[in-house]
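To start, the structure under review is shown below, and the notes come after it.
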Amino acid sequence: MTLKGIKLRIYPNEFQIQHIEMNFGCVRKVWNLMLAMQKDRYENNPDCKFVSNFDMNILLPLLKKEYPYLKQVESTSLQCVNKDLSEAFKKFFEEHTGYPRFKSRKYPRQSYQSKYVNHNIKQINDSYIKLPKLGEMKFKCGRDIPEVIKSVTIRRSPAGKYYAVLTVEDENQVFDKTQAQVGLDMGVADLIITSDAIKFPTIRFDKILAKKKLSWERKLARRRFLAIKDRAKTKKIGLIEPKLLEDYKNVQKAKRMVAKYSEKIANQRKDYIHKITTQLVKDYDVITIEDLKSSNMLKNHNLARAIANQSWRMIRTMLEYKCTWYGKKLVVVNPFKTSQHCAECGYDDGKHELNIRQWICPNCNSNNDRDINASKNILKKGLEQALVK
């Protein structure tokens, strides 16, 4: 059995939305209170370690007495907050990641998690699911939901849409063995180039919706400017209290529309990458990819936007977990000189400029396509690395 995540689009009614928003506020409150307590404790006594997840859970009943509205929300969601905060502190001390921050209600993405307790999460039929404290709710999903559901995370996107991310137990589905091996080269003109000379084209989803998104971005900038101007004018008169920026409905509508198009671009890109990676895992038993450092490449301002659009890290992440799920092997190799060596004879022809897409090897006179040649070298490196292990 393998733990998997399934994302559902849910459609709550007004009462359910109100309860979800209240739960967002309560988990935010508990996080901020616990973080403030940890911070004060450390400042008063630097030798003390942070309070563990278990000890923070003991404090929850006291918080519920002081803030009675915490009793109205899903109880396990508050315990999950303590667990997340404990993990954040562990990462801070052990891995030297950023110090945990206080949460704000103004942040466009909000979420809370509920554990699977007393069968309070279950699918009613193909269109409805039962969630803790929320009851039955309409949903949409592109696949069947397994019976064993471990937890659910309710999320609100910046576009105002609600999602439920289920953690489920699913049986391992091993794909048939093909005895095929492939090397993958990541590119800009083409998204993925295989050692079998197959090229998956780059689709610039950001450019497809660029006009609509840009139009709403301009509207948002103009409406925000007028709202700030109106607030300043109201403040100067002093007769009525100026409205907050969140109270201007036209500003909020423009923000939602910008977020909607950004989300649509991201979803289209993710769906495209999902289809490609699933096909690769089905077709090949051994997949070899480069260990690319995208952060270094993004320093090239001429190509930064195009490179960011490729989502190379997402491709690698998807290949990693899909190879684990479906019984295939992924090998990650160092990209050093993969585009300089001739795949036929191994001759090092030196560094080539990006505008050189084909070159003839001076040693064996083979005509090499830059990307296909690199993918063949990546495959060779991967097979050598796999044999050594």
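Just a few scattered comments:
- Just one residue in the set Ile276, Ile360, Ile378, Ile356 is hydrophobic (A, V, I, L, M, F, W, C) and buried (at least 21 other Cβ atoms within 10 Å of the Cβ); that residue is Ile378.
- Candidates Arg316, Arg305, filtered to the one that is among the charged types (D, E, K, R) and open to solvent by 60 Å² or more (accessible area, probe 1.4 Å): Arg305
- Candidate set: region 101-130, residues that are of a type in the set (A, V, I, L, M, F, W, C), open to solvent by less than 100 Å² (accessible area, probe 1.4 Å) and assigned to a loop (DSSP other than H, G, I, E, B); chosen: the one nearest to Gly5 (Cα to Cα): Ile121
- Complete set of residues in region 281-302 that are open to solvent by less than 30 Å² (accessible area, probe 1.4 Å), touching a helix residue (DSSP H, G or I) at 6+ places or on another chain (Cβ under 7 Å) and either of a type in the set (D, E, K, R) or in a helix (DSSP H, G or I) (or both): Val281, Glu290
- Test: residue in region 42-63 that is among the β-branched types (Val, Ile, Thr), at pLDDT 90 or above, assigned to a helix (DSSP H, G or I) and open to solvent by 20 Å² or more (accessible area, probe 1.4 Å): yes
- Test: residue in region 10-31 that is over 16 Å from Leu134 (Cα atoms) and part of a loop (DSSP other than H, G, I, E, B): no
- Being assigned to a loop (DSSP other than H, G, I, E, B), within 30 Å of Val174 (Cα to Cα) and not aromatic (Phe, Trp, Tyr) is a property that Gly350 lacks.
- Looking only at residues of region 196-217 that are over 30 Å from Arg370 (Cα atoms) and touching a residue at least 12 places away in the same chain (Cβ under 8 Å), we find that the one that is most open to solvent (accessible area, probe 1.4 Å) is Lys212.
- For region 9-40, residues that are of a type in the set (Lys, Arg) and out of contact with any Phe, Trp or Tyr (no Cβ under 8 Å at 6 or more places or on another chain) total 2.
- Per the conditions (1) under 30 Å from Ser375 (Cβ atoms); (2) open to solvent by 70 Å² or more (accessible area, probe 1.4 Å), the sole criterion not satisfied by Lys249 is (1).
- Residue match in region 364-377 (condition: in a loop (DSSP other than H, G, I, E, B) and out of contact with any Cys (no Cβ under 7 Å at 6 or more places or on another chain)): yes
- Within region 170-180, one or more residues are over 21 Å from the mean Cα position of the chain (by Cα), modelled with pLDDT under 90, in a strand (DSSP E or B) and surrounded by 14 or more Cβ atoms within 10 Å (Cβ to Cβ).
The values are calculated or read from the model by the stated rules, or taken from the named source; none is laboratory data. Please read all numbers here as calculations on a predicted model, not as lab measurements. Positions of Cβ are backbone-derived with ideal geometry, glycine not excepted, and every protein chain shown enters the neighbour counts. Heads up: the accessible areas ignore ligands, DNA and RNA and are worked out on the full protein's heavy atoms, side chains in. Shrake-Rupley method; radii C 1.70, N 1.55, O 1.52, S 1.80 Å.
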